[in-house]
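Novice: Have a look at this one.
The values are calculated or read from the model by the stated rules, or taken from the named source; none is laboratory data. What you see is a predicted model, and the numbers here were worked out from it, not measured in a lab. Every residue, glycine among them, receives a Cβ derived from its backbone with ideal geometry; neighbour counts consider all protein chains shown. To get the accessible areas, we keep the full protein, side chains included, count just its heavy atoms, and leave off ligands, DNA and RNA. Shrake-Rupley method; radii C 1.70, N 1.55, O 1.52, S 1.80 Å.
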Amino acid sequence: MHDNGDVDYDGAARLATYLVDEQRNDGLVISGTTGESPTTSDAEKDQLLRAVLDAVGDRATIIAGVGTNDTRHSVRLAQAAERAGAHGLLTVTPYYNKPPQEGLLRHFTTIADATDLPVLLYDIPHRTGTPIASETLVRLAEHPRIVANKDAKEDLGASSWVMERTDLAYYCGTDMLNLPLLSVGAVGFVSVVGHIVGADLHDLLDAHHSGDVARALAIHRRLTPVYTGIFRTQGVITTKAVLNMFGLPGGSVRTPLADASNELQALLREDLAAAGVKGPIGLAPHQAVPASVVGVERLTEGSA
C-alpha cells in the first residue's frame, strides 16, 4: 500500500516480478483471502490482477482469488477475472455463514460453471468454520473444471483418502506441512513463505521429485524457523514486515489488521537469521530497511 492506504499497483508489479524471476515461483495467486482481499474493492482487485498479468503473465500461472461467502458475488468476480486474462481461479470455502455440504457443492459448481477457467478449491476450516468433507471433494472432482485443492485442513489421512479416489491436484496451504503433504501425493504449495524463501521451496520440490528425500528433509528443517516466524501472527502482517525489511514493496496493512510491532519485527529477524535467510540485495534482516517503511502487502500468494 501507499502511505495514504491506496493500493500500490506499480509496487505489486515489481513484487510479482521478484517472486517469479528471483524467487522462482511458478505461479501467483492474486487477491487470495490470506492477503488483503477482504479489504479491497472489486475494482481494486481487477486493476491489481491486470497489473500482475502485465508484469509476469507470460512467465507464471496467474490465479485470481474469487472466493467469498456470496455465490453470486464470487461468480461476478470469476467472470471479471476471466475477462482480465487470469489463467485460473481460487475459490475458498464460504466463511462465517457455515453452509451445509450440499450448499458447498452448489456454490463451487456454480462458480465453475460461470467461466471456462480451471478452479482451485481452498479448504481451510480453521478460518472459514466449515470443512469441505472428503465425500464432497470427491463429488466436486467430477466437475471438469474443478481440478485442484489448496489443502489447509491439516489432516493428512483425509487428504490421502481423497487423493486416492480423485484426480485432484493437491497443493499444500499450510507451510509447516509442505513436505509431509508432498509425501502422500501433493504436487506443490500455495505458500505464504514463498514470498521470502520461494527459491528454497522450489529446491525442496526438486529434491522430493528426484527422490532425494534426505535433501528435501534438510531443506524442510532449515526452513522451520521461517514457517514458525511468519505465523507468529496473521500472515499478511508478518509477510509485509519482512518485505519491508528487505526493501521490497510491502507497506502497511489495512484495518482491522495492525502492522507488526517493533518487538515482532525483532523476533522475525531472529527467525530469518536462524534459517540463514538474507534479503534480495544481500543484506541480513537486521541490516535491511526498517519494517515501518510503507509500500504494498502480500497481495500475491507465492506458489512454488
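Novice: List pairs: first residue in region 93-106 and in a loop (DSSP other than H, G, I, E, B), second residue among the charged types (D, E, K, R) anywhere in the structure, Cβ distance under 8 angstrom, at least six positions apart or on different chains.
Specialist: Thr93/Asp123; Pro94/Asp70; Tyr95/Arg127
Novice: OK, next. If the Cβ limit is 9 Å and pairs must be 6+ apart or interchain, which residue in region 68-81 that is in contact (Cβ under 8 Å) with a residue 40 or more places away in the chain pairs with which residue that is outside any helix (DSSP H, G or I)?
Specialist: Thr71/Pro94
Novice: Could we say that Thr110 is touching a Ser or Thr at 6+ places or on another chain (Cβ under 8 Å) and within 24 Å of Gly188 (Cα to Cα) here?
Specialist: Judged against the criteria, Thr110 is not a match.
Novice: Based on what the data block shows, is Ala80 in contact with an Asp or Glu (Cβ under 6 Å, 6 or more places away or on another chain) and either assigned to a helix (DSSP H, G or I) or crowded, with 24+ Cβ neighbours inside 10 Å (or both)?
Specialist: Judged against the criteria, Ala80 is a match.
Novice: State all residues of region 1-18 that are part of a loop (DSSP other than H, G, I, E, B) and surrounded by 20 or more Cβ atoms within 10 Å (Cβ to Cβ); if no residue qualifies, say none.
Specialist: Answer for region 1-18, where residues must be part of a loop (DSSP other than H, G, I, E, B) and surrounded by 20 or more Cβ atoms within 10 Å (Cβ to Cβ): Met1, Val7, Asp8.
Novice: Only one of these is at pLDDT 95 or above and part of a loop (DSSP other than H, G, I, E, B): Ala273, Ala260, Ala291, Ala266. Name it.
Specialist: Ala260
Novice: Okay, next question. Identify the residue in region 122-175 that is assigned to a loop (DSSP other than H, G, I, E, B) and of a type in the set (Asp, Glu) and, among all such residues, is least open to solvent (accessible area, probe 1.4 Å).
Specialist: Filtering first and then ranking leaves Asp155.
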